[in-house]
Amino acid sequence: MCMVFGRSSDIVIVQHPVSVYVPRSYKVTLSVRAEGTGILNYQWFKSSKEEVFGGTRADLIVTAQRSQLYICRVNDQFCNCVFSKWVTVKVLDIAKPGLPVAWRGEPHIAVHPAPQTVRQGERLTLSCIAFGIPTPHYQWYRNGHPLLGKTMDTLQIENAESDHRGTYLCYVSNVQEERWTEAADVEIVPTNQLTATDKVALLIGNLNYSHHPDLMAPTMDVHELANLLQQLGFRVVSLLDLTREEMLAAIDKFLLLLDRGVYALFYYAGHGYERLGRNYLVAIDAPRSYRSENCVCVQRIMRKMQERRTALNVVLLDTCRTWYNLDCIASEIRPLVPMGNTVYGYATCENAEAYEVQDGGKSTGIFTKYLNKHILQPEKVTHILELVSESQCSYLGRDPFVTGKQAVEIRHMIKEPRSLTDPIRTTGHTGELHLRDACWRQANELPHQKLLIFTCGVQVEVSFSALFSNVMVAFGRVKTTGPRAQDCTITLRSTPAMEDIFSSPGRSSEMDSLLLNNLVAENPDCSLRLCGLQKLQGSLVIKVDLHYTHMDRKLWLQESKQLDIGKPLVASCDLHRVQQAMVAQRRDGAPAQSMGHSRISHSKQRPRQTLGQPGRPFTKSAECAAKVPTAGSNEPGENDETEPQDFTH
């Protein structure tokens with residue numbers, strides 16, 4: 001029994017214990033320091049006011065198993081006593097806390113806030129978990145500005161509004177150090193806003209045909225549509241001049257990018273026809289008198305797209321729909337499932353042709369011209385096509401040659417007001433998104449810029465730009481001439497040699513220059529167009545030939561260097577291997593049911609000839625060539641590929 005009574009102030013705690021946040025099973029030391037008269041005694045208690053067994057020293061070692069409150073009582077022999085502050089040992093049971101081996105208690109962020117898409121009016125919750133001794137402090141930021149009063153590890157905003165969208169970060173600190181979390185983008189969408197888990201488009205334009213008249217419009221139509229789709233967030237693959245096997249291989253690759261919730265868009269511009277309600281796309285290697293087995297069936301493509309459980313499938317066809325081969329047996333295609341997610345946009349109606357025109361010095365399909373005009377509008381996709389139809393009808397009504405000959409047709413099985421401008425919401429689909437991203441990047445990866453140093457000291461920079469996913473331009477530029485070289489010129493060659501589809505007779509120089517002007521930021525000394533990259537079976541080697549005058553020797557000399565750039569763009573997808581597999585499958589008697597797919601790009605499926613050809617009457621708004629039937633052809637006159645083409649100003 002104490003005989004002398006003192007005052008509790010005679011004991012002064014000079015260091016209180018501190019709260020900590022640690023992983024489960026971590027050993028942490030709670031410390032209290034006090035000053036007083038004589039010997040001081042200590043007793044630690046838990047939140048239940050239960051004494052901690054053996055907790056009779058100034059330092060208490062705790063193996064953290066669950067979150068718990070602790071307090072320490074300090075007393076002396078005079079019956080004076082004082083209590084420390086309550087502290088919390090907060091425990092997080094996490095499989096891989098990731099603490100450094102020599103961790104001293106500085107903030108260690110175990111859980112970063114995650115990007116989110118939240119519907120308007122719903123609760124927004126962002127979490128940050130950081131270990132620390134002492135427990136870290138938190139301060140949340142949005143778009144670089146601190147949020148008043150948001151100083152907890154969890155940020156909650158009730159009834160999220162559009163003002164709450166932005167990039168969020170959390171600043172974490174204690175007396176030892178400070179840390180920042182990773183950024184988390186938050187999107188607030190209207191309650192009725194529909195979203196896509198991703199957007200993927202395949203555009204195919206066929207223009208240089210082996211046995212049919214060449215077209216002009218697909219080049220610019222595919223190029224411009226690809227740029228517009230990229231603005232809408234689509235991953236775009238755009239391809240020119242494909243054989244049937246290449247079309248099927250590209251479509252198979254395209255289908256691999258589709259998954260539940262994805263918006264898929266397929267666009268084709270080139271020759272085509274219709275038979276018994278089925279639409280066929282004519283490959284560049286199709287024979288003069290072709291049959292369905294020489295072409296790609298659109299309905300098969302759509303069927304495969306639906307099987308991927310996409311949220312929206314859009315097929316846009318800028319091609320003729322004249323009837324052909326009506327006496328043949330129709331291929332067996334199961335009817336489409338009424339899933340309510342399919343939209344067809346045809347440039348023209350049944351048994352009619354689609355026209356391309358001259359517009360401001362470039363060729364364009366009438367359908368694609370107005371598609372590109374309206375496609376960025378935040379309207380339901382079917383309404384966009386209605387606007388295209390109205391604009392096209394207004395245009396055609398002013399031209400007597402084509403009036404009544406081409407009218408947009410829209411077919412759809414769509415129940416929800418989905419738009420191509422709908423935002424992408426990846427929450428819950430990040431795994432699939434990463435796989436699609438890797439596959440898409442493979443088809444769009446350009447070689448890195450290279451600097452070549454020649455023996456004479458001249459430095460040549462070689463860079464690359466993509467016009468399409470299978471058309472690339474290599475640029476060469478002399479950066480430094482060196483001390484003894486003058487009059488330097490360079491040329492580029494490739495091994496294997498790649499055909500330049502833009503240099504063939506009748507190809508528009510204005511179109512060519514427009515493409516280059518859009519893609520080249522500075523004037524190169526030379527360039528080399530590399531087309532048909534899908535045909536590459538090995539590495540592509542660029543040979544740089546340097547010609548110069550040696551200032552001392554007065555000689556005209558040449559040096560060469562080679563640059564191996566591997567398989568650029570779509571060449572890395574090895575479409576030729578897919579082709580070989582399909583050919584082998586058919587050889588073994590198995591049905592080849594590959595589906596074609598293309599990045600959205602609109603083009604006219606219309607027989608075309610160049611301006612100024614003999615025997616073609618010309619008017620101010622259109623030019624038409626008379627039909628030239630081919631003896632022995634089983635192709636009906638309406639679909640004769642030498643039929644008139646229209647070029648309207």
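The values are calculated or read from the model by the stated rules, or taken from the named source; none is laboratory data. Nothing here was measured: the structure is a model prediction, and the numbers come from that model. Counting neighbours? That spans all protein chains shown, and the Cβs are built from the backbone with ideal geometry, glycine included. Surface areas here come from the heavy atoms of the whole protein model, side chains and all, with no ligands, DNA or RNA. Shrake-Rupley method; radii C 1.70, N 1.55, O 1.52, S 1.80 Å.
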Looking across the stretch 151-167 at residues that are in a loop (DSSP other than H, G, I, E, B) and closer than 22 Å to Val18 by Cα, the single one that is least open to solvent (accessible area, probe 1.4 Å) is Asp153
Checking Leu242 against (1) assigned to a loop (DSSP other than H, G, I, E, B); (2) open to solvent by less than 10 Å² (accessible area, probe 1.4 Å); (3) touching a Ser or Thr at 6+ places or on another chain (Cβ under 8 Å), which single condition isn't satisfied? (3)
Residues of the stretch 207-239 being open to solvent by 10 Å² or more (accessible area, probe 1.4 Å), acidic (Asp, Glu) and part of a helix (DSSP H, G or I), which ones? Glu224
Which of the following residues is over 30 Å from Gly166 (Cβ atoms) and among the aromatic types (Phe, Trp, Tyr): Tyr263, Tyr268? Tyr268
Please verify whether the stretch 277-284 includes one or more residues that are open to solvent by 10 Å² or more (accessible area, probe 1.4 Å), modelled with pLDDT of 90 or more and outside any strand (DSSP E or B). yes
Going through Leu546, Leu563 one at a time, which residue ends up being assigned to a strand (DSSP E or B), buried (at least 16 other Cβ atoms within 10 Å of the Cβ) and touching an Asp or Glu at 6+ places or on another chain (Cβ under 6 Å)? Leu546
Quick one: would you say Tyr171 is among the aromatic types (Phe, Trp, Tyr) and farther than 30 Å from Ser25 by Cα? no
Conditions (1) within 30 Å of the chain's Cα centre (by Cα); (2) modelled with pLDDT of 95 or more; (3) within 29 Å of Glu224 (Cβ to Cβ): number failed by Val541: (3)
Scanning the stretch 494-503 for residues that are surrounded by 15 or more Cβ atoms within 10 Å (Cβ to Cβ), out of contact with any helix residue (DSSP H, G or I) (no Cβ under 6 Å at 6 or more places or on another chain) and not acidic (Asp, Glu), the one modelled with the highest pLDDT turns out to be Ser494
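Of all residues in the stretch 310-331, which are aliphatic (A, V, I, L, M), at pLDDT 85 or above and more than 22 Å from Lys415 (Cβ to Cβ)?
Leu317
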Scan the stretch 310-322 and give yes if some residue there is part of a strand (DSSP E or B), more than 23 Å from the chain's Cα centre (by Cα), closer than 23 Å to Lys199 by Cα and of a type in the set (Asp, Glu), otherwise no. yes
Restricting to the stretch 410-449, name every residue that is part of a strand (DSSP E or B) and open to solvent by less than 40 Å² (accessible area, probe 1.4 Å). Ile414, Ser419
Looking only at the stretch 168-206, filter to residues that are of a type in the set (Asp, Glu) and either outside any strand (DSSP E or B) or closer than 30 Å to Leu317 by Cβ (or both); which one of those is most open to solvent (accessible area, probe 1.4 Å)? Glu182
So which residues in the stretch 121-138 are in a strand (DSSP E or B) and surrounded by 17 or more Cβ atoms within 10 Å (Cβ to Cβ)? Leu124, Leu126, Ile129, Ala130, Phe131, Gly132, His137, Tyr138
Residues of the stretch 24-42 being open to solvent by less than 80 Å² (accessible area, probe 1.4 Å) and either among the hydrophobic types (A, V, I, L, M, F, W, C) or closer than 11 Å to Cys81 by Cα (or both), in sequence order, are Val28, Leu30, Val32, Ala34, Gly36, Leu40, Asn41, Tyr42
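For the stretch 111-120, name all the residues that are open to solvent by 30 Å² or more (accessible area, probe 1.4 Å) and either of a type in the set (S, T, N, Q) or in contact with a Pro (Cβ under 7 Å, 6 or more places away or on another chain) (or both).
First, pick out the residues of the stretch 111-120 that are open to solvent by 30 Å² or more (accessible area, probe 1.4 Å): 111-112, 114-116, 119-120.
Result: Gln116, Gln120.
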Can you pull out every residue in the stretch 57-109 that is in a loop (DSSP other than H, G, I, E, B), of a type in the set (A, V, I, L, M) and open to solvent by less than 60 Å² (accessible area, probe 1.4 Å)? Ala58, Ala64, Ile94, Leu99
Exactly one of (1) under 28 Å from Cys531 (Cβ atoms); (2) at pLDDT below 95 is unmet by Tyr268. Its number? (2)
Counting just the residues of the stretch 285-309 that are part of a helix (DSSP H, G or I), closer than 25 Å to Glu356 by Cβ and not hydrophobic (A, V, I, L, M, F, W, C), which one comes out modelled with the lowest pLDDT? Ser292
